[in-house]
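Since every read-out is calculated from the coordinates, none of them should be taken as a lab result. Please read these numbers as outputs of a predicted model, since none were measured by experiment. Quick reminder, even Gly has a Cβ in these numbers, built from the backbone with ideal geometry, and neighbours come from all protein chains shown.
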Amino acid sequence: MKFTCNSTDFVEALSTATHALPVRTTVQILEYVMLETDENDDLRITCSDGTLTMITKCSVSVQEGGSCLLPGRLLAEISRKLPIGDMTFDTTNNTSAVIKCMGSRTSIAYRPSSLYPRPTEMTDVTAEQEIELPQALLKDMILKTSFAIAVDEERPILTGCLLESAGGEARMVALDGFRMAIRMQRVSPDDQLYAVIPGKALQEIARLLSDDEERMITIRVAGGHMYTIVDSTQVITVLKEGKYINYRMIIPAEWKTQADVDAGLLSDCVERASLMAREGKNNLVKLDIGNGMIVITSNSEIGDVHEEVEADIEGEGLKIAFNVKYLSDALKSIDGKRIRMWFNTSVTPCVIVPADSDEFTHMILPVRMQG
C-alpha cells in the first residue's frame with residue numbers, strides 16, 4: 001500500500017477514528033488501527049473497542065492499494081508531531097510502514113489486516129427501525145440529557161440513553177438513580193424507534209454533529225446495533241440490552257408547591273453558592289421556598305453563602321436540599337428565560353421544566369437534611 005496526502009488531513013481523520021480505541025482490552029488486536037484504501041481514492045481508517053466502531057475516510061492519492069494494521073495510539077502520537085505538508089505512507093517493503101513528511105521519516109512494523117474483526121457497515125444492513133433527524137436537533141438532545149447517564153456499571157442499562165420515537169414524539173432520556181433528564185421533540189408520526197444507546201457512542205456522535213438545522217442524519221437500528229454516518233465518519237455501536245426503566249411512571253403527577261423563577265438569575269445564585277458548597281463535606285445547596293422568594297444557602301467550615309431571588313410561588317412553603325452539581329446541571333441545560341419547579345415534600349423529587357415549553361423535563365432527588 002502506498003499513498004500521499006496532506007499531513008493535517010491525515011491527523012484529523014486519525015484523531016476522529018481513534019476515539020473508538022479501547023482504554024483497556026484483553027483483545028490485543030483492538031489496540032491497532034486498520035488503514036485501507038478503496039476504489040474512490042480514499043483512505044479508510046477503522047478503530048473499535050468491540051462495542052463502538054468508528055470508520056473515517058480521508059482523501060488521499062493512491063499509488064498502490066492495500067491495507068494494514070498499526071498500533072493505534074503510537075500512530076496517533078507520531079502523526080500529531082509530523083510537520084505540516086505532504087506526507088507519504090508506504091508499506092511496499094512488506095515489513096514496515098514508512099511515513100515520510102518533509103524531513104521526517106518514521107518506520108513502524110505493521111500486521112496484516114486479515115487479523116482485524118471487520119465490522120458490518122450501515123450499507124450492508126436492512127433497517128429494523130430507522131429515524132431521520134436534523135443534526136442540530138440530535139446534538140441538542142444529546143447535550144441536554146447525556147450528563148445524567150449513570151457511570152456505575154451496576155445497572156448497565158442506565159449507562160446508555162433511551163432514544164424512542166412514537167406517536168409523533170421523539171424523546172431522549174437519561175437517568176442515573178439520582179436525577180433524570182428528558183428532551184422531547186415533535187416529529188413525524190411515521191418515525192418509530194426504540195434504542196438504548198451507550199453513552200460513549202452518543203458523546204462521539206455529538207462531537208461530529210453540525211449545528212446546521214438543514215443537515216440531516218439517519219439513525220438505523222438492526223441486529224442489536226445502531227448505525228449512523230456523519231459526513232465522512234461512520235459510527236457503529238452495540239446497543240444496550242434489555243428494557244429501559246419506565247421513566248414516565250416515576251414523574252410525580254401532582255404537586256404541592258410550584259415556583260416560577262428567572263432561569264438565569266437562579267442559575268447564577270446556585271453557581272455562587274456552589275463555590276462554598278464544594279468546600280463542605282456533602283456538596284449541598286439548600287433552598288427555602290416561600291413568600292415570593294427562593295433563598296439559596298450553602299455553608300462549609302470556612303464560610304457560608306446566602307442568595308435570594310424573587311419567584312412566583314403557589315402552594316405550601318418548603319425547605320429542601322440538593323447536590324449542587326445536579327441542580328446546576330439541570331439549570332444550565334434548560335433553554336428559556338423562566339423555569340417552573342414543582343415540589344411535594346423535602347424528601348420527594350423536584351421536577352424542573354421550562355415555563356413556556358414541554359421540550360425538556362428534569363427531575364432531581366433531594367438530599368435529606370439533618371435535623
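Averaging 1/r over each pair of different alpha-carbon atoms in the chain and inverting the result gives 23.3 Å, the Kirkwood hydrodynamic radius. Per-residue Karplus couplings for the stretch 268-280, computed as 6.51 cos²θ - 1.76 cosθ + 1.60 with θ equal to phi - 60°, are listed in order as 5, 4, 5, 4, 5, 5, 5, 4, 7, 4, 5, 7, x Hz, Gly and Pro entered as x.
Kirkwood radius and radius of gyration were both taken over the C-alpha atoms of the stretch 238-310, and their ratio Rg/Rh is 1.16. Ellipsoid fit via the Cα gyration tensor, the stretch 252-364: semi-axes of 22, 15, 13 Å, each the root of five times an eigenvalue, largest first. Within the listed set 331, 75, 175, the Gaussian network model of the chain (springs between alpha-carbon atoms below 10 Å) gives the highest mean-square fluctuation for 75.
Count the net charge of all other residues whose Cβ sits under 9 Å from the Cβ of residue 67, scoring Lys and Arg as +1 and Asp and Glu as -1. The answer is 0.
Note on the chain: with a GNM built from Cα contacts shorter than 10 Å, the maximum mean-square fluctuation among 176, 260, 312 falls on 312. Under a 5 Å amide H cut-off, with hydrogens placed 1.01 Å from N, residue 216 pairs with 135 among residues at least 5 apart or on other chains. Sorting 298, 96, 267 by the number of Cβ atoms found within 10 Å of their own Cβ, with the fewest placed first, yields 96, 267, 298.
Using only the alpha-carbon atoms, how far is helix 199-208 inclined from the longest principal axis of the chain? Give it as 0 to 90 degrees, nearest 10. Rounded to the nearest ten degrees, it is 70.
Distance between the C-alpha centres of the stretch 98-112 and the stretch 10-28: 19 Å, rounded to the whole angstrom. Electrostatic bookkeeping for residue 190 treats Lys and Arg as +1 and Asp and Glu as -1; over the other residues with beta carbon under 14 Å from its beta carbon, the sum is -3.
Taking a Cβ cut-off of under 14 Å around residue 177, the surrounding Lys, Arg, Asp and Glu residues balance to a net charge of -2, with basic ones at +1 and acidic ones at -1. Gaussian network model of the chain, Cα springs within a sub-10 Å range: biggest mean-square fluctuation belongs to which of 158, 52, 115? Among 158, 52, 115, the largest GNM mean-square fluctuation belongs to 115. The overall shape of the stretch 126-248 is rounded: from the C-alpha gyration tensor, with semi-axes ordered a ≥ b ≥ c, the ratio a/c is less than 1.5. As a proxy for reagent exposure, ranking 54, 293 by other Cβ atoms within 10 Å from fewest up yields 293, 54. Couplings 3J(HN,Hα) for the stretch 343-353, derived from phi with the Karplus relation 6.51 cos²θ - 1.76 cosθ + 1.60 (θ = phi - 60°), are 9, 10, 9, 6, 10, 10, x, 9, 10, 10, 9 Hz, where x marks Gly and Pro.
With neighbour counts taken as other beta-carbon atoms within 10 Å, the residues 131, 251 rank, fewest first, as 251, 131. Checking every one of the GluC sites (Glu not before Pro) in the stretch 1-98 against DSSP loop status and a limit of 12 other Cβ atoms within 10 Å picks out 39.
Charging the Cβ of each Asp and Glu at -1 and of each Lys and Arg at +1, and nothing else, the dipole of the chain about its Cα centre rounds to 1220 debye. Straight-line reach from residue 144: taking Cα to Cα under 16 Å and skipping same-chain neighbours fewer than 8 places apart, the lysines in range are 200, 325, 332. Using the Karplus relation 6.51 cos²θ - 1.76 cosθ + 1.60 with θ = phi - 60°, the per-residue 3J(HN,Hα) values for the stretch 66-76 come to x, 7, 6, 10, 9, x, x, 6, 5, 4, 5 Hz, with x marking Gly and Pro. Rounded, prolate or oblate: which fits the stretch 171-225 when a ≥ b ≥ c are the square roots of the eigenvalues of the alpha-carbon gyration tensor, with rounded for a/c under 1.5 and prolate only if a/b beats b/c? Here the stretch 171-225 falls in the rounded category. Between rounded, prolate and oblate, where does the stretch 170-321 land on the alpha carbon gyration tensor, with a ≥ b ≥ c its root eigenvalues, rounded for a/c under 1.5, else prolate if a/b exceeds b/c? In terms of gyration-tensor shape, prolate. Scanning residues 5 or more positions from residue 256 or on other chains, those with amide H under 5 Å from its amide H are 343, 344, with H placed 1.01 Å from N in the peptide plane.
With Cα atoms defining each centre, the stretch 130-194 and the stretch 295-351 are spaced 25 Å apart in the structure.
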